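Read through the structure below, which is laid out as structure tokens, and then see the notes.
The values are calculated or read from the model by the stated rules, or taken from the named source; none is laboratory data. Just so we're clear, the structure is a prediction, and the values are computed from it rather than from any experiment. FYI the Cβ positions are ideal-geometry reconstructions off the backbone, even for glycines, and counts take in every protein chain you see. Side chains are part of the model used for accessible areas, which takes the heavy atoms of the whole protein and leaves out ligands, DNA and RNA. Shrake-Rupley method; radii C 1.70, N 1.55, O 1.52, S 1.80 Å.
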Amino acid sequence: MPIKKELCKNYQRGSCQYGQRCKFLHVTQQQPKSNIFGGGAQSGSYGQQQKSNPYGFGVQNSSQSKGSTDYGSKPNNQFKPFENKWTRFSPIPNTGAPSARQSENQTQATNHKCTDPESCRRIVVEDFENERPLWKLTCYGHLKNAPCDIIGDISYEELRAAAYDDAKRGLSLQSIVERERNLLSSKLVEFENLCKPHAVAPSSTLPNQKPFSGTSSNAFSSFGQLGSSLNMGSVSRPPAPLNNGFGQLNSSAPSRQISSAFGTKNMPSENAGEILRFCLCGAFSLFLLTVILVGLFGSQFPASSTITGFSSNGALRESNPFSPSPSSAQFLRTTNNQSPILSMGLDYTSNANAPAQVAMGVQLATNMQKEDISGDVSIWSKNKWNPGEVPEEAPPDAFVDAV
Amino acid sequence: MSTFGTATPGNPNPNNSIEVAQPPSDSVSSLSFSPKANYLVATSWDNQVRCWEIMRSGNAVGSTPKASISHDHPVLCSAWKDDGTTVFSGGCDKQAKMWPLLSGGQPMTVAMHDAPIKELAWIPEMNLLVTGSWDKTMKYWDTRQPNAVHTQVLPDRCYALTVRYPLMVVGTADRSLVVFNLQNPQTEFKRITSPLKYQTRCVAAFPDQQGFLVGSIEGRVGVHHLDDSQQSKNFTFKCHRDGTEIYSVNSLNFHPVHHTFATAGSDGAFNFWDKDSKQRLKAMSRCSQPIPCSAFNNDGSIFAYSVCYDWSKGAENHNPASAKNYIFLHLPQESEVKGKPRVGTSGRK
């Protein structure tokens, strides 16, 4: 809270590193004296100001300010648009760093106008170095509030639903793995290409992607088919039947081209261990591999409405997606010791009848056993284990020395 | 708490929250509390919608499973009717069901889409259910009629939805955010591109409907005001990051009384924030698995959150044989959720 009522010169010029701690007045023209209310900021009259709204949001709820005296206070005013505002947001541990953070974001975002592709590209490169989220199947825009440079979002739930769906339809694990691998690699290629010179077109047009070489456009085509199979709106590809899309992906050329884009990387299908280095996100590569281990089909448990309470835990386990029908459930349980990462939740039921699914489930479990070792292998090559994937058994001998 | 006897690193409950009895057997996709009583509903990837009664006496909290229904496919979203008698749930079976659970009734299908229903909400002022789906539409349903009252085309697949009458904000794929004035639901009030650079994960409307929060996969939350004259109050902040690892913000919930908010992320942590003083009020300890969803109860005295795998690292990290799915209840202390004056008001330069 400002002690003196003088205006802060830094703030008037644009930014003050002391933020709310500053002993001078941080105001804009709008609310010259509202700071008088003090640190706690009564929302009283200020709250009323906020209620005005072009089409009347909130007009009827003036009671919102009940009991929340801090609500609606104004330190927000000291920040200009596009400035990074989180200076104060982690007060205890980070009190030393606010000015550094502010400058970092100011250089990037404050004055960026997309007039120069080179500056756009610089922002993109910086973003990818500093702010690569763990989830890769995402759209991206280098400028806030501007359209995406990379489109084609896939959310966690969509990927999971597609995986559950595929397994239920009886798609082989290999094709599921291939599909997801291609998804990831084509998306990574898009990101790579965005970093290249001449790659960023400062506009909202999709043709961003088109000037690229055949590599990415082919990757796009596979992605597009995948996208259609996931019911996504990717760039201008006609929807392809679900199975066809997957079948083609297994042997599609883009995977070859992608390896060249990445240089010396081997093809993922050849060596499980190589995949780890293939993808930028190591953790994600295992995603593809260990799906091999997945081999279960859920049987449809009866759609009942249990009003009297939940069934016992034992029963719940049985109807657990990962233990399909009773017979294959037992079968799978015996294989548990061999492969900790046993199955995905594949409890989707297609219209196929249960017996067929059971048979397939058992068969796949058999296949799974054989593939267990190859799938497991990847875990041991990994440098860092994330929570939830620590294997339960000792490494195969092949890895004892290597790791 | 590693009951399966392995060295699974990390404590799933480092905050000593109360564990809900008989949690779902697969990941939880949504949590919602009844607006009238302490009934908690959880939807799950195991196709079930479950309801618990939460009893509280002082600091002792107990949960009793009450009832459950099944869908044919994983269930993604849930909402209570405002009278606290009925639960709506929707998911990958492309349908939404209405379940009058307090009266012991059977569920009824009330909505259909061409693709999984990702979000739904009950709008008491209009007596309509709104559903948002990956088929890029949003539909309004009068539960007594089989056909949608209105279909609204969205710019892309619906990823997130929040309603505070008359404000409704829909977050879609490719960073579009569409704002609706529910007094005129057939017209988009505003369509903006997200202030964040990556995929939108969740949105939450301010209790006073002046704006909304948007969370993304890049460990960032944007605070956005609708009114152009308040644009200077917009800002974004980083959260749910650990060194160079950037986790997504999966859930945003406003406290019903104090109007502070909580974020929950794929790093397994949840935090309480005050957007007006721009402070983090409380950082809770990280759980060993991500938190895909969370909810406050009607008076903010209970914060429920689920600790289970959210697919943030693909199928490889999904180990159903040993996967544990938890729902925890945290009793927020006043210091954690009550807004505070700005830090360092007595500090000197």
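Between B:PRO74, B:PRO107, the distinction of being buried (at least 23 other Cβ atoms within 10 Å of the Cβ) and either within 14 Å of chain A (Cβ to nearest Cβ) or in contact (Cβ under 8 Å) with a residue 40 or more places away in the chain (or both) belongs to B:PRO74 only. Is it the case that B:ALA262 is among the aliphatic types (A, V, I, L, M), at pLDDT 95 or above and surrounded by 21 or more Cβ atoms within 10 Å (Cβ to Cβ)? Spelling it out, B:ALA262 is indeed among the aliphatic types (A, V, I, L, M), at pLDDT 95 or above and surrounded by 21 or more Cβ atoms within 10 Å (Cβ to Cβ).
Residues in region B:282-327 that are crowded, with 24+ Cβ neighbours inside 10 Å, among the aliphatic types (A, V, I, L, M) and assigned to a strand (DSSP E or B): B:ALA304, B:VAL307, B:ILE327.
Within region B:177-187, being facing chain A (nearest Cβ under 9 Å) and either open to solvent by 20 Å² or more (accessible area, probe 1.4 Å) or within 14 Å of B:LYS118 (Cβ to Cβ) (or both) holds for B:GLN183, B:ASN184.
In region A:184-205, the residues that are open to solvent by 10 Å² or more (accessible area, probe 1.4 Å) reach residues that are basic (Lys, Arg) and modelled with pLDDT under 80 with C-beta atoms within less than 9 angstrom, at least six apart or across chains, in these pairs: A:PRO202/A:LYS113. In summary, strands (runs of 3 or more DSSP E) completely within region B:128-215 and bearing 2 or more residues that are over 25 Å from B:PRO100 (Cα atoms) occur at B:148-153, B:158-164, B:167-172, B:176-181, B:188-193, B:200-205.
For region A:155-174, a tally of residues being part of a loop (DSSP other than H, G, I, E, B), more than 8 Å from every other protein chain (Cβ to nearest Cβ) and either surrounded by 22 or more Cβ atoms within 10 Å (Cβ to Cβ) or not hydroxyl-bearing (Ser, Thr, Tyr) (or both) returns 2.
Conditions tested, residue by residue: (1) buried (at least 21 other Cβ atoms within 10 Å of the Cβ); (2) facing chain A (nearest Cβ under 9 Å).
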{"site": "B:CYS158", "(1), (2)": "yes, no"}
{"site": "B:VAL169", "(1), (2)": "yes, no"}
{"site": "B:ASP174", "(1), (2)": "yes, yes"}
{"site": "B:LYS190", "(1), (2)": "no, no"}
{"site": "B:SER194", "(1), (2)": "yes, yes"}
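Residue count for region A:117-136 satisfying the condition of being more than 8 Å from every other protein chain (Cβ to nearest Cβ) and in contact with a Lys or Arg (Cβ under 9 Å, 6 or more places away or on another chain): 3. Here is the figure for region B:201-215: residues that are open to solvent by less than 10 Å² (accessible area, probe 1.4 Å), in contact (Cβ under 8 Å) with a residue 24 or more places away in the chain and facing chain A (nearest Cβ under 8 Å) total 3. Of the listed requirements (1) part of a loop (DSSP other than H, G, I, E, B); (2) closer than 17 Å to B:ASP156 by Cβ; (3) more than 7 Å from chain B (Cβ to nearest Cβ), A:LYS187 misses just one: (1). Among the residues of region B:126-140, those identified as within 15 Å of B:VAL163 (Cα to Cα) and hydrophobic (A, V, I, L, M, F, W, C) are B:MET126, B:LEU128, B:LEU129, B:VAL130, B:MET138.
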